[in-house]
Amino acid sequence: MRPLRTIVACLLLGVVTASVVACPFCSPPGPTVAEEIQDATAVVIGKYMGKAPASNPDEPALDRFEIVRTLKGAAALADRKHVDTLLLGEHAVGTRFFIVGNEDDGLAWAQPIALSEQGEKFVTHLVSLPASGAERLRFFLPYLSETETFLRDDAYDEFAKAPYADVKVLKPHLQREALVAAIGRRDVEVRYRRLFLTLLGICGTEAETPLLETWIRERDPDVRQSLDAIVACYLTLRGAEGLPFIEQTILSRADAEFNDLYSAAQALRFHGEEERRIDRTRLSQSLRLLLQQPRSAELVIPDLARWQDWSALDDVARLFSMPTDKPRSLRVLIVQYLHACPLPAAKTKLAEFTQLDPETVQLGSSPFATARRLPKREAETD
């Protein structure tokens with residue numbers, strides 16, 4: 001049987017790594033068009049022909065599409081020449097659509113998506129792309145600046161799901177000036193700004209760091225929504241030399257907003273898990289500043305345990321008796337940290353805390369009770 005310390009360490013590891021994506025600062029992506037094609041029974045490009053002949057006057061009239069190209073499922077389509085399904089909105093006859101069909105007592109067709117000429121070339125090309133890798137992402141890269149929402153959003157979802165290592169390989173193809181301009185636009189969606197900041201970290205230079213420092217100090221709510229990505233980009237470009245600025249402006253401030261502390265912790269976690277330009281020992285030193293307050297300690301105790309920073313033992317243990325509005329959740333994390341810690345002092349602290357709060361110590365010692373999510377931003381709290 002694996003020792004409890006190992007089990008707890010694995011659980012702490014899973015707290016963060018369970019949802020690692022290429023762009024750790026992107027919104028959760030939806031299904032990509034390629035995934036829809038992969039999961040579908042049949043996929044066609046159809047030309048809108050108007051209303052289909054009514055087979056039952058008591059049912060809604062369907063719309064007819066002439067199949068002009070089959071992307072998948074020729075065998076399932078057999079000799080079918082058209083698709084009849086319900087189309088929402090008004091569309092001109094002759095407009096082309098992307099239509100996905102799935103087996104359900106025959107082919108059931110999803111809502112058609114109108115295609116421009118460029119959109120038709122886009123979806124047609126998807127079936128021949130490599131399943132993964134930098135070459136696949138290179139195809140989607142120019143579509144991130146597309147005006148056509150369907151194409152731009154699908155490119156975003158592809159980047160949000162790809163491994164960060166694949167994204168980094170695109171460095172020779174990234175345009176630094178264009179990314180800086182896009183990030184600074186007031187009308188850019190937050191999710192795109194966060195992705196563009198991740199890309200700027202890959203291709204940018206220290207020439208961008210003064211601008212990033214301005215954004216880190218910025219109090220505009222729209223800018224603050226991207227603070228984690230801004231800090232991560234800044235540290236990617238400056239390395240460990242940038243940490244004192246982050247410590248001074250965010251981590252060591254007693255009056256810092258919780259969301260700012262959360263964002264900074266996310267950025268440091270990204271550097272410890274993904275980017276790895278900065279040594280974890282130095283990152284831990286910055287993270288330990290968040291142990292000064294119970295409200296922020298929960299953000300970093302799992303990271304310190306996972307990175308085996310046992311120098312934080314006294315600071316972590318001190319929090320057990322500090323007043324907080326969430327004593328149980330914080331104490332469970334402290335117990336997890338102590339179980340993972342190999343130092344004799346950790347066992348001594350566990351024995352002491354068992355006398356103070358045996359129920360919570362038991363809860364924190366259970367491998368079934370310790371799996372938990374990191375605290376959310378205040379705006380996301382249920």
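Derivation of every value follows stated rules applied to the coordinates shown; laboratory data play no part. Nothing here was measured: the structure is a model prediction, and the numbers come from that model. Please note: Cβ atoms are built from the backbone with ideal geometry, for glycine as well, and neighbour counts cover all protein chains shown.
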* Asked: What is the mean projected area of the alpha carbon convex hull for the stretch 21-102, to one decimal in square nanometres?
  -> 7.6
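In the stretch 66-115, which trypsin sites (Lys or Arg not before Pro) are in a loop and have at most 10 other Cβ atoms within 10 Å, using DSSP for the loop call?
Values: sites: R69, K72, R80, K81, R96; in loops: R80, K81.
In loop regions of the stretch 66-115 (DSSP not H, G, I, E or B), the sparsely surrounded trypsin sites (Lys or Arg not before Pro) are K81.
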* Most exposed first by the Cβ proxy, i.e. fewest other Cβ within 10 Å, how do V231, V68, V123, V190 rank? -> V68, V190, V123, V231
* Kindly put V169, V44, V127 in sequence by how many other C-beta atoms sit within 10 Å of each C-beta, fewest to most. => V127, V169, V44
* So how much slack lies between Q292 and E90, counting 0.36 nm per residue of separation and subtracting their Cα-Cα distance, in nm? -> 66.7 nm
* **Label corresponding to percent of Cα pairs over 38 Å apart when calculated from the structure given, among (i) 37; (ii) 27; (iii) 12** => (i)
* State, to one decimal in nm, how far the label point of R277 lies from the label point of S145, with both points 7 Å from Cα in the Cβ direction. => 2.2
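What percent does the relative contact order of the stretch 75-231 come to when contacts are Cα pairs within less than 8 Å and at least six residues apart?
Relative contact order of the stretch 75-231: 13 percent.
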* Asked: Just how far, in whole angstrom, is the stretch 33-58 from the stretch 150-189 if you go by their alpha carbon centroids?
  -> 32
* Go ahead and collect, in residue order, the members of the stretch 96-125 whose backbone nitrogen is under 19 Å from a label point 7 Å along the Cα-Cβ direction of R136. => 122-125
* √(5λ) per eigenvalue of the Cα gyration tensor, the stretch 22-62, largest first, Å -> 36, 13, 10
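Around Q292, with a cut-off of 11 angstrom between Cβ atoms, what is the net charge of the other residues, counting Lys and Arg +1 and Asp and Glu -1?
+3
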* Would you please name the trypsin sites (Lys or Arg not before Pro) within the stretch 168-211 that are DSSP coil residues with at most 10 other C-beta atoms within 10 Å of their C-beta? => R186
* Which of L319, T354, P294 sits closest to the plus end of the dipole of the stretch 212-361, meaning its Cα is farthest towards the positive end, when Lys and Arg get +1 and Asp and Glu get -1 on the C-beta? -> T354
* List, in the order given, every pair from K47/K81; K47/K121; K121/K161 whose Cα-Cα distance in the structure shown is over 19 Å. => K121/K161
* Can you sort Y234, Y164 so the residue with the fewest Cβ neighbours within 10 Å comes first? -> Y164, Y234
